[in-house]
Amino acid sequence: MTKPMKAVQELIRDALTSLQRKSTDDPEKHWFTRSVIAGELEAPSKHLNPSRKGALQNLVDGGLVEMRAKPNDAKKVPEYRLVR
């Protein structure tokens with residue numbers, strides 16, 4: 001893996017950690033959409049660019065981040081959280 005990809009993965013992990021710290025919800029409810037993660041990264045469009053999406057998927061594939069479909073959502077929007 002290249003250094004830039006590792007740096008992007010680190011940014012995403014830091015954003016998820018920060019979101020979890022800020023959340024007042026029960027830890028079991030710490031699931032975040034890509035747009036919320038992008039907002040934490042201060043992306044102007046509130047969307048993750050392709051390299052950040054790829055880095056997030058690599059974190060999921062590596063077992064560091066969990067992914068699920070948002071419950072009760074017809075669009076099946078993916079949500080993410082750090083593995084405990």
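Scan region 47-57 for residues that are surrounded by fewer than 14 Cβ atoms within 10 Å (Cβ to Cβ) and within 15 Å of LEU19 (Cβ to Cβ) and report the count.
Number satisfying all stated conditions: 0.
Can you pull out the residues in region 70-83 that are under 13 Å from the mean Cα position of the chain (by Cα) and farther than 19 Å from ASP26 by Cβ?
VAL77, PRO78
Looking only at region 43-63, which residues are in a helix (DSSP H, G or I) and either farther than 20 Å from LYS76 by Cα or not β-branched (Val, Ile, Thr) (or both)? First the steps, then the outcome.
Quick first cut of region 43-63, residues in a helix (DSSP H, G or I) only: 50-61.
Passing the criteria: PRO50, SER51, ARG52, LYS53, GLY54, ALA55, LEU56, GLN57, ASN58, LEU59, ASP61.
If you scan region 58-78, which residues turn out to be at pLDDT below 90 and closer than 17 Å to LEU16 by Cα? Show your work before the answer.
As a first pass, look at region 58-78 and keep what is at pLDDT below 90: 70-76.
Within region 58-78, just LYS70 meets the criteria.
Count, please, the residues in region 30-42 that happen to be in a loop (DSSP other than H, G, I, E, B) and in contact with a Ser or Thr (Cβ under 9 Å, 6 or more places away or on another chain). Steps first, answer last, please.
Within region 30-42, the first condition is being in a loop (DSSP other than H, G, I, E, B), and the residues that meet it are 30-31, 41-42.
Narrowing further to those that are in contact with a Ser or Thr (Cβ under 9 Å, 6 or more places away or on another chain): 30.
Number of matching residues: 1.
Among the residues in region 40-63, are any closer than 15 Å to LEU82 by Cα and touching a His at 6+ places or on another chain (Cβ under 6 Å)?
Checked region 40-63: no residue is closer than 15 Å to LEU82 by Cα and touching a His at 6+ places or on another chain (Cβ under 6 Å).
Does LEU41 meet the test of being hydrophobic (A, V, I, L, M, F, W, C) and in contact (Cβ under 8 Å) with a residue 40 or more places away in the chain?
Numbers: hydrophobic (A, V, I, L, M, F, W, C): yes; in contact (Cβ under 8 Å) with a residue 40 or more places away in the chain: no.
The answer is no for LEU41.
May I ask you to verify whether HIS30 is at pLDDT below 95 and surrounded by 15 or more Cβ atoms within 10 Å (Cβ to Cβ)? Step through it out loud before you land on a result.
Working: at pLDDT below 95: yes; surrounded by 15 or more Cβ atoms within 10 Å (Cβ to Cβ): yes.
Answer is yes for this residue.
Hey, could you check region 12-27 for residues that are touching a helix residue (DSSP H, G or I) at 6+ places or on another chain (Cβ under 8 Å) and of a type outside the set (D, E, K, R) and say which is surrounded by the most Cβ atoms within 10 Å (Cβ to Cβ)?
Quick first cut of region 12-27, residues touching a helix residue (DSSP H, G or I) at 6+ places or on another chain (Cβ under 8 Å) only: 12-13, 15-16, 18-20, 23, 27.
Filter once more, keeping what is of a type outside the set (D, E, K, R): 12, 15-16, 18-20, 23, 27.
On the way: ILE12: 25, ALA15: 20, LEU16: 22, SER18: 13, LEU19: 19, GLN20: 14, SER23: 13, PRO27: 9.
My answer is ILE12.
The values are calculated or read from the model by the stated rules, or taken from the named source; none is laboratory data. What you are looking at is a predicted structure, and each value in this text was computed from that prediction instead of being measured. No Cβ is skipped: glycine too gets one built from the backbone with ideal geometry, and neighbour counts run over all protein chains shown.
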